[in-house]
1. Exactly one condition in (1) of a type in the set (A, V, I, L, M); (2) in contact with a helix residue (DSSP H, G or I) (Cβ under 7 Å, 6 or more places away or on another chain); (3) over 19 Å from SER119 (Cα atoms) is not met by VAL94; state its number.
2. Quick check on the range 85-113: of everything there that is touching a Lys or Arg at 6+ places or on another chain (Cβ under 9 Å) and closer than 21 Å to THR35 by Cβ, which residue is modelled with the lowest pLDDT?
Amino acid sequence: MYALFPLSVPKDCSSFFVNVFLVFQFSTGNPLYETYYKQVDPSYTGRVGASEAALFLKKSGLSDIILGKIWDLADPEGKGYLDKQGFYVALRLVACAQNGHDVNLSSLNLTVPPPKFVSNIYT
């Protein structure tokens, strides 16, 4: 039987995939991340469309420019949607940005509090 995640990351992986692997590994089973994911994908389709993700991520209070950078890093292949792993990367990058860190792949390795979202962005 194979493990869900490899015990070590292959040396030939790009830094993106190593960072995504680490974020997904640490975020899987995180009740807060799961709660956020269920809000954007209540039907469990495995995809979070750009409009759904944008509406949710705007509740972070981050600028559209920062959110655009986050989207680009969470959807590096330009699919136009995020799978669960990509959404977790976005959440982690939101947390980094909210705590004053640069939005880049190396920030995924930082220890930061979980991301915060307001229930109504207009209040």
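The values are calculated or read from the model by the stated rules, or taken from the named source; none is laboratory data. Just so it is clear, the structure is predicted and the values come from calculations on it, not from any experiment. Reconstructed Cβ throughout: ideal geometry from the backbone, glycine too, with neighbour counts over all protein chains shown.
1. Going through (1) of a type in the set (A, V, I, L, M); (2) in contact with a helix residue (DSSP H, G or I) (Cβ under 7 Å, 6 or more places away or on another chain); (3) over 19 Å from SER119 (Cα atoms) one by one, VAL94 breaks only (3).
2. For the range 85-113, the residue satisfying everything is LEU108.
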